[in-house]
Amino acid sequence: MTYISPRAKILSRNVGGGDVVVLGPSIINEGTIVEPFVIIGHPIRSKLLGVRDKDSVIEHLMDEVSSGAIIGRNCIIRSNVIIYENVEIGDGVETGGHNALIRENTRVGANTRIGSGGVIIDGGHGDRQ
């Protein structure tokens, strides 16, 4: 199921096919490709715990609490990548492989390549409890 938040700003033509989830006020800039089975703006655990007893579709609950992520221009986000909230990805970044995880409060510089199965962790790790 594809879910694009009404708060998201999608400036690329290559987003939204096949099970893409874009949460919160995420921004996906021009020329970026987002392959199927990607989640952008995934909320941290403490926010998920705050909505677990609410009665709604999970994507709507996650969207309600997500702070979103920013994806630069001309990026390639390959399938099965999860990008948490409060992440900024610079222009020209590629997840050169699939199944990458980019945790919250992370900044990925322009033209960075992230390999298959890569896990990027930066500040904010105390929020994962």
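The values are calculated or read from the model by the stated rules, or taken from the named source; none is laboratory data. The structure displayed is predicted, hence computed values, not measured ones. Glycine also receives a Cβ, built like all others from the backbone with ideal geometry; neighbour counts cover every protein chain displayed.
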### Query
Looking at the range 8-38, which of the residues that are among the acidic types (Asp, Glu) and within 20 Å of residue 97 (Cβ to Cβ) is modelled with the lowest pLDDT?
19
### Task
Tell me, please, whether a residue that is closer than 17 Å to residue 27 by Cβ, in a strand (DSSP E or B) and over 12 Å from the mean Cα position of the chain (by Cα) can be found in the range 86-109.
yes
### Task
Please name all residue pairs, on different chains or six or more residues apart, with Cβ atoms under 7 Å, provided the first residue is in the range 45-67 and is closer than 13 Å to residue 25 by Cα and the second residue is part of a helix (DSSP H, G or I).
64/51; 65/47; 65/50; 65/51
## Note on the structure
Of the candidates 90, 72, the one satisfying the condition of being surrounded by fewer than 17 Cβ atoms within 10 Å (Cβ to Cβ) and at pLDDT 95 or above is 90
### Summary
Per the filter on the range 50-84, residues outside any loop (DSSP other than H, G, I, E, B), more than 19 Å from residue 96 (Cβ to Cβ) and not hydroxyl-bearing (Ser, Thr, Tyr) are 50, 51, 58, 59, 60, 61, 62, 63, 64, 65, 70
### Query
Looking at residue 77, is it among the hydrophobic types (A, V, I, L, M, F, W, C), modelled with pLDDT of 95 or more, out of contact with any helix residue (DSSP H, G or I) (no Cβ under 6 Å at 6 or more places or on another chain) and crowded, with 16+ Cβ neighbours inside 10 Å?
yes
